[in-house]
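Working notes for the structure below.
The values are calculated or read from the model by the stated rules, or taken from the named source; none is laboratory data. Computed from a predicted model, the values in this text were never measured in an experiment. We place every Cβ from the backbone using ideal geometry, glycine too, and count neighbours over all the protein chains shown.
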Amino acid sequence: MYRVMLIDDETSARSLLKASIDWRSLNMEVAGEAASGIEAINIIDDVRPDIALVDISMPFMNGIEFTEVVTKRYPKLFIIIMTAFDDFEYARRCVSLPVFEYMLKPFVRSEVTETLLRIREKLDARVSEDYEEYPDETGDSTIDQIKKYIDANYTDSKLNLTAVAQNFGFSTSYLSRRFKQETGKNFVEYLTECRMERAMELAKTHMKMFNASAEVGIPDPNYFGRCFKKYTGMSYSEYASGNS
């Protein structure tokens with residue numbers, strides 16, 4: 001998940017942001033908070049945020065001063081400046097700063113979400129580039145690694161696109177699109193293929209269907225039966241009988 005830091009001297013403002021944004025659906029989590037720019041500078045190395053939402057008006061070190069300092073240390077940090085109307089033109093004049101967006105307080109949830117979605121697209125693209133510059137020791141691409149992960153974990157009934165995307169730091173939409181592009185199959189098709197190939201092996205041993213369904217990560221025998229017939233053209237019992 002991408003890590004978000006909330007920096008605002010008003011506890012209520014931070015609490016509202018935490019509660020009103022569906023962070024999980026954005027593949028994000030609030031990893032840290034600070035009540036001033038100085039506090040944020042002191043803890044940012046531990047928080048390691050990808051995104052910072054920063055109030056412009058704070059004591060001791062305001063949001064603009066914080067941005068000037070932190071972007072020298074973390075040039076890839078995405079910063080959203082939150083500002084009251086009275087300070088908005090002042091914020092706009094700071095165009096030389098690497099700020100992703102300036103937003104008015106009190107914030108509108110849909111506008112914050114839309115801005116975070118745009119940032120997520122850029123973070124997804126960055127992660128993709130990083131995975132293509134730094135393949136694992138076997139030289140596997142990102143999708144090869146994901147396929148190996150599915151191969152090793154398909155028996156887990158909780159394995160799905162969302163879980164795998166979160167594990168690899170992608171959004172579900174990005175992973176779904178890229179998986180299809182590189183494999184020619186969508187994620188569910190590949191996962192079902194892994195499960196059905198194993199189910200066919202189990203059928204040859206005459207394992208009962210309800211046991212086989214649980215064994216391959218599909219605890220609902222009825223759904224398993226439909227998947228098996230669609231994949232093989234035969235019911236589980238027919239396939240088992242044909243391999244006596």
Flagged in the range 177-228 as closer than 24 Å to residue 146 by Cα and outside any helix (DSSP H, G or I), in numbering order, are 184, 185, 186, 216, 217, 218, 219
Does residue 186 count as under 16 Å from the mean Cα position of the chain (by Cα) and without any contact (Cβ under 8 Å) to a residue 24 or more places away in the chain?
-> no
Return the only residue of 60, 78, 66 being buried (at least 22 other Cβ atoms within 10 Å of the Cβ) and in contact with a Gly (Cβ under 9 Å, 6 or more places away or on another chain).
-> 66
Hey, among the residues in the range 81-101 that are farther than 16 Å from residue 58 by Cα and modelled with pLDDT of 80 or more, which one's surrounded by the most Cβ atoms within 10 Å (Cβ to Cβ)?
-> 99
Strands (runs of 3 or more DSSP E) fully within the range 1-120 counting 2 or more residues that are touching a residue at least 40 places away in the same chain (Cβ under 8 Å) and under 27 Å from residue 168 (Cα atoms) | 2-7, 51-55
Tell me which residues, restricted to the range 117-163, are modelled with pLDDT of 85 or more, assigned by TED's automatic domain parsing to the domain that holds residue 50 and surrounded by fewer than 16 Cβ atoms within 10 Å (Cβ to Cβ).
-> 117, 118, 121, 122
Here the residues within the range 1-20 that are among the polar types (S, T, N, Q), surrounded by 13 or more Cβ atoms within 10 Å (Cβ to Cβ) and either outside the structural domain of residue 115 (by TED's automatic domain parsing) or within 16 Å of residue 36 (Cβ to Cβ) (or both) are none
In the range 164-192, the residues that are buried (at least 17 other Cβ atoms within 10 Å of the Cβ), closer than 16 Å to residue 117 by Cβ and not small (Gly, Ala, Ser) = 170, 172, 174, 175
Breaking point among (1) more than 26 Å from the chain's Cα centre (by Cα); (2) farther than 15 Å from residue 154 by Cβ; (3) in contact (Cβ under 8 Å) with a residue 12 or more places away in the chain, for residue 205 | (3)
